[in-house]
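Participant: Can you keep this structure in mind? I'll have questions shortly.
The values are calculated or read from the model by the stated rules, or taken from the named source; none is laboratory data. Please read these numbers as outputs of a predicted model, since none were measured by experiment. Virtual Cβ from ideal backbone geometry, glycine too; neighbours counted across all protein chains shown.
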């Protein structure tokens with residue numbers, strides 16, 4: 001008996017349904033392969049403090065492991081010399097001076113009411129949420145106090161941390177203007193914030209292991225106040241200066257927390273599917289915390305190398321070659337486009353990003369430098385790096401100051417060759433007038449694209465503690 005026409009129609013429908021199911025399964029598998037994104041930010045960590053950066057005094061094996069499994073950028077920069085502006089640039093991929101976020105706001109009780117990262121800017125967690133990612137943040141925000149500026153309103157599904165620039169590591173209620181929050185609810189008790197932020201990030205990763213996730217982990221370590229516990233102090237009996245011993249304990253605690261998070265990623269079998277970034281938000285304020293910027297000149301809140309050149313490393317096992325050291329200048333603005341390109345998003349020119357996708361440079365698709373030049377404006381302080389050359393006005397270089405009223409300019413700027421003089425000791429402005437003019441012209445062209453700062457803290461920031 002020949003099969004009926006209905007039989008063939010039924011068979012066709014069944015095959016078509018199976019194809020749809022198979023296509024759906026393939027799409028689900030494709031989505032599951034999208035990489036997770038883990039961005040870890042240290043606070044006020046100087047260029048020379050990690051063991052992989054040359055410090056023999058404080059072992060940091062877990063942070064070092066990111067460099068060993070990936071790339072360590074020896075010319076890694078941030079777009080501002082202190083906390084809030086750098087974080088604004090990190091999460092937007094744009095120079096923060098383009099939208100007026102040039103300075104810190106001061107303590108919460110003195111911050112201007114409109115302080116906060118512009119709601120006209122789209123942040124990395126917001127972009128990733130649109131791509132189906134679950135997002136979590138655990139640590140220091142420093143990008144706005146009003147509800148519309150807080151992490152739950154700026155793309156984070158889960159949030160535990162504080163909104164200001166600094167907080168006690170041990171006392172949740174130490175600052176009623178800047179409480180520890182879970183979502184938007186104050187937390188009354190904490191253990192040690194460095195440990196707690198690491199625990200929270202670890203639980204987030206475990207909870208969402210079958211989803212594509214973005215975990216933003218901005219520690220308050222090793223920012224002042226200098227506070228740690230006996231567990232970490234006891235590791236450094238040979239450091240006799242109390243302040244330095246406490247700092248060492250704080251850094252060791254952060255290394256442990258990074259190790260906890262990275263172990264969870266490995267244990268869940270996610271390491272080859274996770275892009276990991278570790279960076280500091282600015283250079284160390286040596287006079288306040290002992291954080292060293294060796295061999296660089298200058299400190300936090302200065303556009304000398306010591307204020308803007310930071311530990312910076314990136315890992316993606318199987319995609320980024322292991323143990324790579326790269327001296328090409330890169331900047332924290334590159335994190336957003338690199339992460340978005342990694343998850344398969346097309347970078348839209350209309351976003352006007354200043355950062356670039358670093359993956360083609362790390363996988364040897366191109367040997368070029370990612371940036372022709374990098375730029376800074378911080379009140380009257382300025383800087384520009386172009387190749388091996390740097391233009392700078394900073395404290396001690398013709399009186400460049402941070403938050404003075406007035407316009408930034410290149411008059412009297414110093415010129416250094418960083419390849420020959422990483423410590424910025426020999427001003428070549430008179431010996432290299434053509435190079436000085438080239439860099440000055442480039443900085444002036446960039447400066448015309450910027451807007452005025454939306455707020456000024458109203459005090460000099462030269463190597464002083466921020467809040």
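Participant: Every residue in the range 340-354 that is part of a loop (DSSP other than H, G, I, E, B) and closer than 19 Å to residue 99 by Cβ, please. Talk me through it step by step, then tell me what you get.
Facilitator: Going through the range 340-354, the residues part of a loop (DSSP other than H, G, I, E, B) turn out to be 343-348, 352-354.
Across the range 340-354, the qualifying residues are 347, 348, 352, 353, 354.
Participant: Can you tell me which of 58, 63 is under 14 Å from residue 312 (Cβ atoms) and either buried (at least 20 other Cβ atoms within 10 Å of the Cβ) or in contact (Cβ under 8 Å) with a residue 24 or more places away in the chain (or both)?
Facilitator: Numbers: 58 fails: under 14 Å from residue 312 (Cβ atoms).
Exactly one residue qualifies, and that residue is 63.
Participant: It is to be established whether one or more residues within the range 181-199 are out of contact with any helix residue (DSSP H, G or I) (no Cβ under 7 Å at 6 or more places or on another chain), in the same structural domain as residue 100 (by TED's automatic domain parsing), within 23 Å of residue 103 (Cα to Cα) and assigned to a strand (DSSP E or B).
Facilitator: Looking for residues that are out of contact with any helix residue (DSSP H, G or I) (no Cβ under 7 Å at 6 or more places or on another chain), in the same structural domain as residue 100 (by TED's automatic domain parsing), within 23 Å of residue 103 (Cα to Cα) and assigned to a strand (DSSP E or B), one finds none in the range 181-199, hence no.
Participant: Go through the range 88-103 and count every residue that is crowded, with 24+ Cβ neighbours inside 10 Å and in contact (Cβ under 8 Å) with a residue 60 or more places away in the chain.
Facilitator: Looking only at that region, the number is 10.
Participant: Determine whether residue 104 is at pLDDT 90 or above, in the same structural domain as residue 204 (by TED's automatic domain parsing) and more than 20 Å from the chain's Cα centre (by Cα).
Facilitator: So residue 104 fails the test.
Participant: Could I ask something else about it? May I ask you to list the residues in the range 130-151 that are touching a strand residue (DSSP E or B) at 6+ places or on another chain (Cβ under 8 Å), over 25 Å from residue 170 (Cβ atoms) and free of Cβ contacts under 8 Å to residues at least 60 places away in the same chain?
Facilitator: Selection gives 144, 146, 148, 149.
Participant: Give the residue, chosen from 272, 206, that is out of contact with any helix residue (DSSP H, G or I) (no Cβ under 9 Å at 6 or more places or on another chain), assigned by TED's automatic domain parsing to the domain that holds residue 131 and in contact (Cβ under 8 Å) with a residue 40 or more places away in the chain.
Facilitator: 272
Participant: Could you check, for the range 145-153, whether at least one of its residues is in a helix (DSSP H, G or I) and surrounded by 18 or more Cβ atoms within 10 Å (Cβ to Cβ)?
Facilitator: For the range 145-153, residues in a helix (DSSP H, G or I) and surrounded by 18 or more Cβ atoms within 10 Å (Cβ to Cβ): present.
Participant: Next question, about the same structure. Tell me, which residue of the range 302-339 that is within 17 Å of the chain's Cα centre (by Cα) and assigned to a strand (DSSP E or B) is nearest to residue 392 (Cα to Cα)?
Facilitator: Among those that are within 17 Å of the chain's Cα centre (by Cα) and assigned to a strand (DSSP E or B), it is 309.
Participant: Quick check: anything in the range 275-286 surrounded by fewer than 23 Cβ atoms within 10 Å (Cβ to Cβ), touching a helix residue (DSSP H, G or I) at 6+ places or on another chain (Cβ under 6 Å) and farther than 22 Å from residue 357 by Cα?
Facilitator: no
Participant: Collect the residues in the range 355-382 that are in contact with a helix residue (DSSP H, G or I) (Cβ under 7 Å, 6 or more places away or on another chain) and not in a loop (DSSP other than H, G, I, E, B), keeping them in residue-number order.
Facilitator: 359, 375, 376, 377, 382 - these are the residues of the range 355-382 that are in contact with a helix residue (DSSP H, G or I) (Cβ under 7 Å, 6 or more places away or on another chain) and not in a loop (DSSP other than H, G, I, E, B).
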